[in-house]
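Participant: Sharing a structure below in C-alpha cells format, with a few things to ask.
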Amino acid sequence: MEAALIYIDATILEAAALSLTVEGDAARKLLFANPTVATSTLSFYDLLASISKKAGKDQAIWMCEKYASLPNLSILQSSRHVALQAIENYKSTTLTPGKAMHLAYMQVNGINQIASLDSDFDKVKRIKRVKL
C-alpha cells in the first residue's frame, strides 16, 4: 500500500533548514526520509521571504535550490482552480488568505495531511495536521 502524500508548508521547510533543535531534526526527518511529500510554489515564496529575513538572501536562495532539487518533493503548481478554492476556503473558514491557499493546494491535489507547525490547521475538519 502506497503511503499517503503529505503536504509540507514553509514552517516545516524553515525548521528543517534553520533549526538545530529536536523540532528541526524531526522536520528534516519528515522531509528527507519520507518518499511522498509535496509543497507548493507558495511555500517557496514564504520560505524565501522568511530565510532572507533571518539568514540573508544568499542562504535563502541556496536552501530553496536544494529543496527544489529533492527527488522526493513534488512542487504543486497554482491554477485557476486553486485560486477559486482558496477564495472559498477563505470565505468559509477562519484561516488567513495564505493558509486558505495552502489548504486549496491540498484539496485540488487530493491531499488530506499537512505537516505544519501552525495549529490553525487543526481547526480544519477535512484535514489532519502531522505534528513534529
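None of the figures in this text is laboratory data; all of them are computed from the coordinates on show. Remember, predicted model here, so these are calculated numbers, not experimental data. Here the Cβ is made from the backbone with ideal geometry for all residues, glycine too, and neighbour counts use every protein chain on show.
Participant: For the chain, with only Lys/Arg (+1) and Asp/Glu (-1) charged at the beta-carbon, what is the dipole magnitude about the Cα centre, in debye rounded to 20?
Facilitator: 260 debye
Participant: Further question: Show me, for region 15-30, the HN-Hα J-couplings you get by feeding each phi into the Karplus relation (A = 6.51, B = -1.76, C = 1.60, θ = phi - 60°), rounded to Hz, glycine and proline as x.
Facilitator: Calculated HN-Hα couplings, in order: 4, 5, 7, 10, 8, 9, 8, 4, 4, x, 4, 5, 5, 5, 4, 4 Hz.
Participant: Output ³J(HN,Hα) for region 40-55: one whole-Hz value per residue in order, computed from phi by the Karplus curve 6.51 cos²θ - 1.76 cosθ + 1.60 with θ = phi - 60°, and x for Gly and Pro.
Facilitator: 10, 4, 4, 4, 5, 4, 4, 5, 4, 5, 5, 5, 4, 5, 8, 10
Participant: Classify the chain as rounded, prolate or oblate from the Cα gyration tensor: take a ≥ b ≥ c as the square roots of its eigenvalues, call it rounded if a/c is under 1.5, otherwise prolate when a/b beats b/c and oblate if not.
Facilitator: Prolate.
Participant: I've got another one for you. Lysines near Lys54 by alpha-carbon distance under 19 Å, same-chain residues fewer than 8 away left out - which ones?
Facilitator: Straight-line reach from Lys54, under 19 Å: Lys66.
Participant: Once you have a ≥ b ≥ c as the square roots of the Cα gyration tensor eigenvalues for region 83-131, tell me rounded if a/c is under 1.5, and otherwise prolate or oblate according to whether a/b is larger than b/c.
Facilitator: oblate
Participant: Another question about this same structure. Name the long-range amide H neighbours of Gln113: under 5 Å, sequence gap of 5 or more, or other chain; modelled H, no Pro or chain starts.
Facilitator: Here the answer is Tyr7, Lys128, since their amide H atoms fall under 5 Å of that of Gln113.
Participant: Could you tell me the calculated FRET efficiency between Gln77 and Asp25, based on Cβ-Cβ distance and R0 = 35 angstrom, to the nearest 0.05?
Facilitator: 0.70
Participant: Rounded if a/c is under 1.5, else prolate if a/b is larger than b/c, else oblate: which is region 19-85, with a ≥ b ≥ c the root eigenvalues of its Cα gyration tensor?
Facilitator: In terms of gyration-tensor shape, oblate.
Participant: Relative contact order of region 1-129: what whole-number percent is it, with Cα pairs under 8 angstrom and at least 6 residues apart?
Facilitator: Result for region 1-129 is 28 percent.
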